[in-house]
Ligand code: CO
């Protein structure tokens with residue numbers, strides 16, 4: 001049987017080239033499910049059983065379904081993921097032109113595998129702040145088509161190339177955006193004077209280049225995501241880390257039945273750069289929203305928030321490093337999850353992942369009740385793993401958290417590979433979690 005949710009995941013990824021677009025895609029899914037959008041600046045009225053969502057600075061989102069019980073009695077089932085991905089950010093004002101060829105300067109965001117960004121058609125997307133009718137306005141832009149490429153050097157100039165090559169971000173990593181030729185055959189976006197990027201973005205969103213006051217723009221893989229393999233069991237896509245997690249949580253949330261406990265989704269920007277921003281996991285965002293929900297729906301007084309948090313449980317979803325048959329010595333085989341073997345519980349003695357024994361046991365229980373397989377990931381004991389939003393968010397809320405994620409290959413490559421069935425498994429496990437809610441464990 002083909003994987004059920006792989007196609008909708010591909011559509012979600014393709015519609016979400018940046019965290020701004022991922023939050024926009026998430027908002028569309030929530031809208032379709034009847035959720036009501038709230039603004040942090042407004043006074044809120046929350047109805048019992050209602051579904052709501054809040055966006056902070058266009059790139060992070062919290063959604064919640066109120067439970068039948070007071071939060072102080074039943075707590076919250078929270079699931080979170082990051083919506084950003086490592087890659088190349090464009091420098092708005094800086095073009096480098098030589099002999100009719102024009103490139104755009106970039107900075108590296110997070111920790112991408114540089115070489116994977118070469119020789120593939122790239123698109124551009126992000127957010128733009130423009131002056132329109134005397135007022136500042138924020139717009140999302142998504143070219144949605146190839147407009148750039150980072151070409152490699154011909155191997156004849158460097159016969160040692162296959163031994164590994166460095167691509168400096170102020171040199172070989174600059175995307176080529178225009179090849180006008182000596183006669184200026186391809187003129188590029190109109191209105192000379194401003195940088196290529198300003199002109200191109202201006203014409204894309206229908207404003208003059210000089211109306212663009214600032215922007216955050218990323219070069220992104222322009223090739224659509226795809227399900228492949230003889231039995232369509234594999235997934236090839238950019239940003240599987242961690243849009244797979246975002247989409248799994250949103251899908252599980254949409255399908256979960258209302259219960260006594262509240263159900264919460266959180267998508268954070270800026271995980272790939274340490275989460276320390278006003279909309280990252282290391283911010284007040286999630287706690288602010290939980291605090292407001294409790295204040296507005298729980299009449300049991302100032303202690304209600306503390307009681308609600310003490311009764312809550314959180315699942316932090318982020319990609320796991322799947323076992324790679326060509327690099328088997330990099331793994332501890334007993335803790336190396338394989339593609340299509342189910343979601344992996346990630347743990348680390350130094351708490352780079354938030355998982356503790358109780359959290360791990362709870363998540364295993366959710367997988368068991370959903371009838372899906374479950375794996376485990378621990379880095380080889382002499383290597384340090386990465387980290388994720390789990391430990392940060394757990395510490396800020398004081399809520400027990402388990403770190404889980406589907407295994408993938410080539411994490412942080414411009415294009416990653418995952419098992420199509422794992423997405424179904426993760427959705428089923430998260431749905432079981434949203435249904436069952438936080439599980440009280442005597443003695444903890
Ligand atoms: Co990640």
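Below, the figures for the structure above:
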read-out	value
Relative intensity, log₁₀ I(q)/I(0), of the stretch 1-154 from a Debye sum that treats every alpha carbon as a point, q = 0.15 Å⁻¹	-1.01
Most mobile listed residue (228, 219, 76) in the chain, GNM with C-alpha springs under 10 Å	228
Part-to-part distance (alpha-carbon centres) for the stretch 195-222 and the stretch 231-245, which is given in Å	29 Å
Histogram of C-alpha separations across the stretch 262-367, 10 Å bin width, %	11, 32, 34, 16, 5, 1
Inter-site label distance for residue 395 and residue 155 at 7 Å from Cα along Cβ, in nm	4.7 nm
Fewest-first ranking of 246, 367, using other Cβ atoms within 10 Å as the exposure measure	367, 246
On Cα atoms only, tilt of 19-32 relative to the major axis of the chain in degrees	50 degrees
For the chain, built as a Gaussian network whose Cα springs stay under 10 Å, the top-fluctuating residue of 233, 47, 216	47
Extension gain from residue 230 to residue 73, taking 0.36 nm per residue of separation minus the Cα-Cα distance	51.5 nm
The chain: angle of helix 357-370 to the longest principal axis, Cα-based, in degrees nearest 10	90 degrees
Between the stretch 320-345 and the stretch 92-128, the alpha-carbon center distance in angstrom	32 Å
Segment residue 210-residue 350, extension gain: residue separation times 0.36 nm, minus the distance between their alpha carbons	45.4 nm
For the chain, built as a Gaussian network whose Cα springs stay under 10 Å, the top-fluctuating residue of 46, 176, 153	153
Cα long-axis angle, helix 196-205 against the chain (0 to 90 degrees, to the nearest 10)	60 degrees
In nm, spacing of pseudo-spin labels at residue 36 and residue 441 (7 Å Cα→C-beta vector)	3.7 nm
Rounded D (µm²/s) - the stretch 87-221, Kirkwood Rh over Cα pairs, Stokes-Einstein at 25 °C, 0.890 mPa s	155 µm²/s
Average projection area in nm² (convex hull over Cα atoms of the chain, one quarter of hull surface)	23.9 nm²
Distance (nanometres) between label positions extended 7 Å along Cα→Cβ at residue 99 and residue 129	4.0 nm
Directionally averaged projected area (convex hull, Cα atoms, the stretch 145-184), nm²	4.4 nm²
Stretch gain in nm, segment residue 295-residue 384, where the contour uses 0.36 nm per residue and the Cα spacing is subtracted	28.0 nm
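Read the figures in this text as sums done on the coordinates, not as results from a lab. Keep in mind that this is a model prediction, so the values were computed, not measured. Neighbour counts are summed over all protein chains in view; Cβ atoms, including those assigned to glycine, are modelled from backbone coordinates with ideal geometry.
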